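Working notes, structure below.
The values are calculated or read from the model by the stated rules, or taken from the named source; none is laboratory data. All values reported here derive from a predicted model rather than from experimental measurement. Heads up, the Cβs are rebuilt from the backbone with ideal geometry, glycines too, and the neighbour counts pull from every protein chain shown. Remember, those area values only see protein heavy atoms, side chains included, never the ligands or the DNA or RNA. Shrake-Rupley method; radii C 1.70, N 1.55, O 1.52, S 1.80 Å.
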Amino acid sequence: MTDVGIGAPATAAAIAAPRGHGTLRRLLRHRSFLIGFTIIALLAILALLAPLIAPVDPSAMRVRFRFRPPQAAFWFGTDQFGRDIFTRVLYGTRISLFVGFAVCVVSGLCSAILGVIAAQFRRLDSAIMRLMDALMSFPAILLALGIAAALGPRVSSVIIALTVAYIPAGVRIVRAAALTVREMDYVQAAQVSGASSLRIVLRHILPNCFSPLLVHLTFIFAYAMLAEAALSFLGVGIQPPIASWGNIIAEGRDYATQAWWVMLFPGIAISLAALSLNLLGDALGDMLDPRLKGGE
Amino acid sequence: MPVILIISILAFLLLSLLPGDPAMIIAGDQASPAAIEQVRRQLGLDRSFLEQLGIWLFNLARGNFGSSLILNQSVLSAVGERLPVTLSLAALSIGFTIPVGVFLGSLAAYFRRTWIDSAVMTVALLGVSIPAFWIAILGVILFSVQLGWVPSSGFAPISQGVGRWFASMALPALILSLFQIGFLARMTRSAMLDVLSQDYIRTARAKGLSEWRTVGKHALRNALILIITATGILLSAAIGGSVIIEQVFALPGIGRMVVQAIMARDYPLVQGTMLILGFTFVMINLIVDILYTLADPRVRHD
């Protein structure tokens with residue numbers, strides 16, 4: 001024990017260090033992660049504090065201030081009703097982040113449940129996967145458009161529509177991860193030593209599906225926000241007078257040549273939010289799954 | 001193909017998603033009871049659920065995808081009439097996407113960790129993050145209103161001359177391809193990074209092949225397999241994106257028709273069109289699978 005080489009202590013320390021801690025530290029040193037996380041965190045704070053930050057009510061119409069270009073009193077200018085665009089974009093952030101987050105959580109849960117069921121129960125596998133294949137045969141935005149239109153113009157319809165559109169991809173990812181883990185020796189060993197299926201699923205299979213699902217959901221967050229904006233732009237998403245980035249652009253479009261600022265700022269907001277989530281997804285993919293070579 | 005059957009049933013269920021009485025919703029708020037009754041009969045909603053499903057599937061088997069309520073036309077002919085527009089848009093955008101996306105992705109992979117890689121990947125990231133409908137409106141303002149290079153809206157069929165067709169389609173197709181280029185460049189980069197680290201690339205270099213032959217032939221050819229897989233996703237993105245792009249550029253395609261049908265509550269038209277598109281994608285995926293097997297002899301489907 002005394003003649004341990006110089007390299008050994010370092011190796012031992014590396015083994016002893018808890019794995020989660022290392023991942024977190026590497027994430028904090030990852031440039032894409034830092035940029036993405038900072039932007040999305042700032043947007044989330046702005047969204048939460050919107051009523052405190054916003055200078056006026058988002059739907060307050062003041063006709064004498066119509067079409068004011070960006071200036072000190074109206075940072076992003078005003079629209080055809082004299083509504084303050086900065087305030088409206090700020091309130092739009094709440095809706096967009098809420099829809100994106102809700103779609104992430106609900107589709108993530110459904111994907112995890114359906115994916116694990118498909119991987120665990122051979123008899124349900126083909127039924128579930130054929131249904132997912134069928135849902136995937138429609139372009140996501142078109143499927144969401146049809147469902148949102150049928151359910152009626154409400155925030156909940158948009159969330160349900162996008163959730164259904166994005167579940168199939170999630171189920172495939174969870175199922176693939178679960179199938180891989182299931183064949184691992186330690187899971188087989190747990191099975192042989194008499195662990196119940198529920199215990200195996202909860203202790204071994206679900207935790208191993210978490211990383212790929214998390215990376216996937218970060219991208220879904222971005223896609224869902226872009227899709228919500230597109231649906232609202234087309235008129236089947238969030239309805240005026242509730243401000244959403246998509247419907248501010250739709251309203252501003254008619255005046256785009258005379259009052260470019262109405263549609264410019266919400267577009268920048270969407271792009272920033274999607275950009276930060278994509279950066280975050282790349283970074284998480286890099287860190288959690290070395291096979292996905294993303295950002296750096 | 002059980003998937004085709006499931007798609008048919010899903011499209012059928014779309015109508016039953018409507019909360020309340022579909023006949024009343026479709027006929028509109030001001031419709032008389034007689035008009036509602038007529039819509040009910042027209043849609044076969046007076047029959048039982050299973051009977052309706054049976055009739056729907058029976059009609060589909062005979063190639064009858066239903067009829068539009070507003071267009072006075074069968075769904076099949078309505079879609080057929082608008083197909084050239086959407087097809088032009090999708091084909092042109094994929095035509096832009098594949099060379100540009102593959103080139104950019106390979107460039108980034110070859111010059112990994114240099115400024116070229118960073119620049120290309122930033123552009124690709126912007127491509128997948130900026131909403132198409134927004135950049136489309138900005139594009140119309142810049143290229144049509146300010147510069148007057150291309151018409152701001154409308155479609156010139158290819159029969160009116162390739163030049164006019166291209167002019168009417170170039171901007172919409174280019175904007176539609178921005179997301180796809182970003183997507184494909186990111187995908188190509190990671191595929192190329194994978195391939196470039198393989199032993200046979202080192203062997204190719206060691207035996208003195210030129211860089212051009214090594215990267216251009218050996219590496220790209222292997223990355224091609226991945227690109228074939230991506231085509232299915234790209235086509236899906238192109239058709240999905242065309243719904244929005246056609247709306248902005250007022251192009252009379254399938255996407256614009258679906259949005260109009262939704263606004264006019266013409267649910268049979270929505271249902272039929274979704275179904276036709278769903279079938280199309282099943283076919284596309286099948287073709288992609290076959291090409292995949294041909295391009296990569298290691299893959300053998302059972």
Within chain B, longest stretch free of exposed trypsin sites (Lys or Arg not before Pro) [DSSP loop, at most 15 other beta carbons within 10 Å]: B:114-206
Accessible heavy-atom area order of A:110, A:209, highest first, probe of 1.4 Å: A:110, A:209
FRET efficiency, 1/(1 + (r/R0)^6) with R0 30 Å, evaluated for residue B:145 and residue B:72 via beta carbons: 0.25
Among A:200, B:292, B:106 the positive-end extreme of the charge dipole of the protein assembly as shown (Cβ point charges): B:106
Estimated buried accessible area (total), pair A and B, 1.4 Å, Å² to nearest 100: 3900 Å²
Heavy-atom accessible area per residue - region A:184-296, 1.4 Å, Å²: 41 Å²
Accessible area per residue in Å² at 1.4 Å probe, computed on region B:201-283: 38 Å²
Amide H contacts under 5 Å for residue A:242, placed H, 5+ residues apart: none
Cα pair count fraction exceeding 41 Å, expressed as % - the protein assembly as shown: 30 percent
Candidates A:243, A:73, A:47: whichever shows maximal mean-square fluctuation once chain A is modelled as a Gaussian network with Cα springs under 10 Å: A:73
Mean residue ellipticity (222 nm) of chain A, computed from DSSP H runs ≥ 4 via -39,500 (n - 2.57), nearest 500: -24000 deg cm²/dmol
Solvent-accessible surface (1.4 angstrom probe) belonging to residue A:233, in square angstrom, nearest 10: 20 Å²
Sulfur and carbon atoms: percent of accessible area, chain B [1.4 Å]: 65 percent
Relative contact order computed over chain B (Cα-Cα under 8 Å; 6+ residues apart), in percent: 26 percent
Rounded, prolate or oblate (a/c below 1.5 giving rounded, otherwise prolate when a/b exceeds b/c) for chain A by Cα gyration tensor: oblate
Charge dipole magnitude, Cβ of K and R +1, D and E -1 - region A:119-179, Cα centre, debye nearest 20: 160 debye
Listed residue (A:48, A:164, A:281) projecting farthest to the positive dipole end of region A:20-288, Cβ model: A:48
Gyration tensor (alpha-carbon) shape descriptor, region A:166-296, a/c threshold 1.5: prolate
Crossing angle, helix A:140-151 versus chain A [Cα axis fit, 0-90 degrees, rounded to tens]: 60 degrees
Tilt relative to chain B, helix B:2-17 - C-alpha long axis, 0 to 90 degrees, to 10: 50 degrees
Check: the protein assembly as shown dipole with +1 on Lys, Arg Cβ and -1 on Asp, Glu Cβ, in debye: 920 debye
Kirkwood-Stokes translational diffusion coefficient of region B:2-61, alpha-carbon pairs, 10 °C, 1.306 mPa s, µm²/s: 128 µm²/s
Estimated translational D of chain B in µm²/s (Stokes, Kirkwood radius over Cα pairs; 25 °C; 0.890 mPa s): 111 µm²/s
3J(HN,Hα) from dihedral phi, region B:65-80, Karplus parametrisation 6.51/-1.76/1.60, rounded to Hz, x for glycine, proline: 9, x, 10, 6, 7, 9, 8, 6, 7, 6, 4, 4, 6, 5, 5, x
Interface residues, region B:240-254 - accessible area loss of 30 Å² or more versus chain alone, probe 1.4 Å: B:240, B:243, B:244, B:247, B:248
Selection from B:250, B:58, A:270 lying farthest towards where the dipole of the protein assembly as shown points positive, charges on Cβ: A:270
Cβ charges +1 (Lys, Arg) and -1 (Asp, Glu), total dipole of region B:2-61, debye: 140 debye
Mean separation of Cα contacts under 8 Å, 6 or more apart, over the residue count of chain A: relative contact order %: 24 percent
Shielding by partners - mean other protein chain Cβ count within 10 Å, residues of A:232-239: 3
Carbon/sulfur fraction of accessible area - chain A, other protein chains in place, 1.4 Å, %: 68 percent
Angle in degrees between helix A:85-120 and the longest Cα principal axis of chain A, rounded to the nearest 10: 30 degrees
At most 15 other Cβ within 10 Å, DSSP loop - trypsin sites (Lys or Arg not before Pro), region A:132-224: A:154
